[in-house]
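S.K.: Supplied in structure tokens, the structure appears directly below.
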Amino acid sequence: MSPIVIQVIQFFLSLSLLIVLHELGHFIPAKIFKTRVEKFYLFFDVKFSLFKKKIGETVYGIGWLPLGGYVKIAGMIDESMDTEAMKEEPKPWEFRSKPAWQRLIIMLGGVTVNFVLAVIIYIGMAYKYGDQYIPMESLKDGIWVIEDAIGEKAGIRTGDKILSVDGNKVEKFSNVYIELINGNTVTLERDGQIIEKELPVDFIATLLEDEEKVRFLYPRVPFIVGAIPDESHNKESGLEVQDRIVKIGNDDIAYFDQARQLLKQYSNQKIDLEVIDKNGNARKVAVQISDSATVGVLPGMPKSFLDLAELGVLESKTTEYSFGEAIPAGIDKGVETLSSYVKQLKKIFNPSTGAYKGVGGFAAIGKLFPDTWNWPAFWSTTALISIILAFMNILPIPALDGGHVMFLLYEMVSGKKPSDKFLEYAQMVGFFILIALLLFANGNDLYKAVFK
């Protein structure tokens, strides 16, 4: 099965789960408050349905247009724009006949379920898998800036130790990217001195210019021979795959990034390398350095950070949780993820950051999933999308749950209910706003696919 197909399957499985549970968040309180639900649909049934069956007073079905889902609640102005029923006298079982506090609970049900679902997933993952991470303090000699241009833009150099972003200590290496994207200032330790750098306002735009270079930081890795091409000028030198180069000429090296600078001193010369083989035995190998300052081998990048931990380059820690400990850990993770997303959204609405260029549609969401089947990655991504859906749905835009909540809060505070005609117009405006956002997000995906 191709990687793209695997991503598509994961995307639709996750999306279907999130939509059904979100709509259940509306459906269940509606039933509790004896409000009639006419339809419960996964995806939209424009003109026709792939499947439908009426059970009791509700038609359950699957539409053909995978842009979301809905429950059609009697006596409510929603995306169906069924205004004919609203011209009749209110019935006791209709949404509009219920007290404002009941209607508010019904409308908040979907986003509540989305957030709670994410927290439950995080609790389950903490309990089953624990939390494996690289402590930033274990990178004894700082980080490796793979993309020099991006590092220069951020004011970060190879060997720097990243201490904090916006005054908040960076504990885990896995958090460093999102912290930098959301941050304004970074505090570094460089050559024993503490310095503070202001991150450029358009730093996010710089990263988005080439999405393959977004992860421009990496733990410093040893110079390990990963492969020796047939055309290499040192093919017969005695170098072997998995040899770790620890000395170039008279200079000791611990990391690959050091080798790049040292080799420039030996361009077009023959020198000795000291290497340690996979069995831990040291030996010297005479090699010719090319005029472009290369050895003629491909560096071996570790398959995982655990490999680096075995080499003693860094530490890998795992925090294990009992079920009781996993509950607060999952809640903290949910709140932390929501807070991080809100920070990113603020930058998207600030044109000077250029963050709007990173807004993506269905293709971008699909790429969040791994191209091989991986349950931890699947559930982690599903939890993230669930939080995004919760927050996006609560925005005060008519046609979203947040729009309905906004008008209900107005009614509860003022004691005046907006007219049905006003709600109809608001729903139409909200619908066009959503279509515009949808076109913009998926247009971004198309632009990246064609021109990048």
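The values are calculated or read from the model by the stated rules, or taken from the named source; none is laboratory data. A quick note: this is a predicted structure, and the numbers were derived from the prediction, not measured. Using ideal geometry, Cβ is built from the backbone for each residue, glycine included, and neighbour counts are taken over all protein chains shown. With ligands, DNA and RNA removed, areas are computed over all heavy atoms of the protein, side chains included. Shrake-Rupley method; radii C 1.70, N 1.55, O 1.52, S 1.80 Å.
S.K.: Which entry is the computed Rg and Dmax of the Cα atoms in Å for this structure: [x] 28.0, 94; [y] 23.3, 74; [z] 23.9, 89?
M.R.: Computed from the coordinates, Rg and Dmax of the Cα atoms in Å corresponds to [x].
S.K.: Given the stretch 287-327, report the % of alpha carbon pairs whose separation exceeds 13 Å.
M.R.: The proportion of pairs with Cα distances above 13 Å equals 71 percent.
S.K.: Return one number: the angle in degrees, 0 to 90 and rounded to the nearest 10, between the long axis of the Cα atoms of helix 3-32 and the longest principal axis of the Cα atoms of the chain.
M.R.: 30
S.K.: I would also like to ask the following. Assign one of three labels to the stretch 187-312, namely rounded, prolate or oblate, based on the Cα gyration tensor with a ≥ b ≥ c the square roots of its eigenvalues; rounded applies when a/c is under 1.5, prolate when it is not and a/b is larger than b/c, and oblate otherwise.
M.R.: The shape class here is prolate.
S.K.: Stretched out fully, how many nm does the piece from residue 190 to residue 432 gain, at 0.36 nm a residue minus the Cα gap?
M.R.: 82.0 nm
S.K.: Something else about it: Please label the shape of the stretch 232-290 as rounded, prolate or oblate, based on the square roots a ≥ b ≥ c of the eigenvalues of the alpha-carbon gyration tensor (a/c under 1.5 means rounded; beyond that, a/b larger than b/c means prolate, else oblate).
M.R.: oblate
S.K.: Provide the per residue accessible area, probe 1.4 Å, for the stretch 33-141, rounded to a whole number of square angstrom.
M.R.: Each residue of the stretch 33-141 exposes 52 Å² on average to a 1.4 Å probe.
S.K.: In whole Å, what three semi-axes, largest first, describe the equivalent ellipsoid of the stretch 1-76 built from its Cα gyration tensor (square root of 5 times each eigenvalue)?
M.R.: Semi-axes from the Cα gyration tensor: 27, 14, 9 Å.
S.K.: For a quick check of understanding: with a 1.4 angstrom probe and all protein chains in place, what accessible area in square angstrom does residue 431 have, to the nearest ten?
M.R.: It works out to around 110 Å².
S.K.: Now for a separate question. When only DSSP loop residues count, what trypsin sites (Lys or Arg not before Pro) in the stretch 274-320 have their Cβ near at most 15 other Cβ atoms within 10 Å?
M.R.: Counting only loop positions with at most 15 other Cβ atoms within 10 Å, the trypsin sites (Lys or Arg not before Pro) in the stretch 274-320 are 278, 303.
S.K.: Does the stretch 44-175 come out rounded, prolate or oblate by the C-alpha gyration tensor, with a ≥ b ≥ c the root eigenvalues, rounded set by a/c under 1.5 and, if not, prolate when a/b is larger than b/c and oblate if not?
M.R.: Judged from the Cα gyration tensor, the stretch 44-175 comes out prolate (a/c at least 1.5, a/b above b/c).
S.K.: With n ≥ 4 as the cut-off for DSSP H runs, can you work out [θ] at 222 nm for the chain, using -39500 (n - 2.57) per run divided by the number of residues, rounded to the nearest 500?
M.R.: Estimated from H runs of four or more residues: -14000 deg cm²/dmol.
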